[in-house]
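Comments concern the structure below.
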Amino acid sequence: TFVRAFGSKGTAPGQFDRPQGVCVDGDDSIVVADTFNHRIQVFSSDGAAVLRTVGGTRGSGAGQFSHPIGVCVDGAANIIVADSCNHRIQQFRADGTFVRAF
């Protein structure tokens with residue numbers, strides 16, 4: 001059964017450009033890999049509010065992305081991102097603070 005849809009095409013908070021990865025964290029927040037905007041957006045459980053954004057600048061530095069395509073949240077609430085075109089995985093704390101890349 002369809003529950004809801006949210007977002008539209010664009011670059012503003014709450015908008016997407018080819019989102020590919022989605023997961024739900026332990027607080028029921030919705031975490032989205034916004035691939036062509038080179039960022040991760042974390043939404044309230046109903047999708048109505050952007051709680052925080054991780055990244056948003058295309059690049060290869062710590063906390064930057066080049067086409068993130070997958071995202072998950074581990075048991076410690078860390079956000080783990082498949083940073084596709086940088087050929088790496090990046091890890092962030094729940095508040096979006098960069099932890100490491102490997």
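The values are calculated or read from the model by the stated rules, or taken from the named source; none is laboratory data. Worth saying up front: this structure is predicted, and the values here are computed from it rather than measured. Here the Cβ positions follow ideal geometry from the backbone for every residue, glycine too, while neighbour counts run over all protein chains shown. With ligands, DNA and RNA removed, areas are computed over all heavy atoms of the protein, side chains included. Shrake-Rupley method; radii C 1.70, N 1.55, O 1.52, S 1.80 Å.
A quick yes/no check of all residues on (1) touching a strand residue (DSSP E or B) at 6+ places or on another chain (Cβ under 8 Å); (2) farther than 24 Å from PHE6 by Cβ; (3) among the charged types (D, E, K, R):
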| site | (1), (2), (3) |
| --- | --- |
| SER45 | yes, no, no |
| THR53 | yes, no, no |
| GLY56 | yes, no, no |
| PHE65 | yes, no, no |
| GLY70 | yes, no, no |
| ALA76 | no, yes, no |
| HIS87 | no, yes, no |
| GLN90 | yes, yes, no |
| VAL99 | yes, yes, no |
Can you list residue pairs whose Cβ atoms sit under 9 Å apart, with the first residue in the range 27-41 being modelled with pLDDT under 95 and the second being open to solvent by less than 10 Å² (accessible area, probe 1.4 Å) and not in a strand (DSSP E or B)? Count only pairs 6 or more apart in sequence or on different chains.
none
Failed condition for THR11, given (1) part of a strand (DSSP E or B); (2) touching a helix residue (DSSP H, G or I) at 6+ places or on another chain (Cβ under 8 Å), with all others met?
(1)
Within the range 14-40, the residues that are loosely packed, with under 15 Cβ neighbours inside 10 Å and assigned to a loop (DSSP other than H, G, I, E, B) are ASP17, ARG18, GLY26, ASP27, ASP28
Within the range 58-87, how many residues turn out to be of a type in the set (D, E, K, R), open to solvent by 40 Å² or more (accessible area, probe 1.4 Å) and under 23 Å from PHE16 (Cβ atoms)?
1
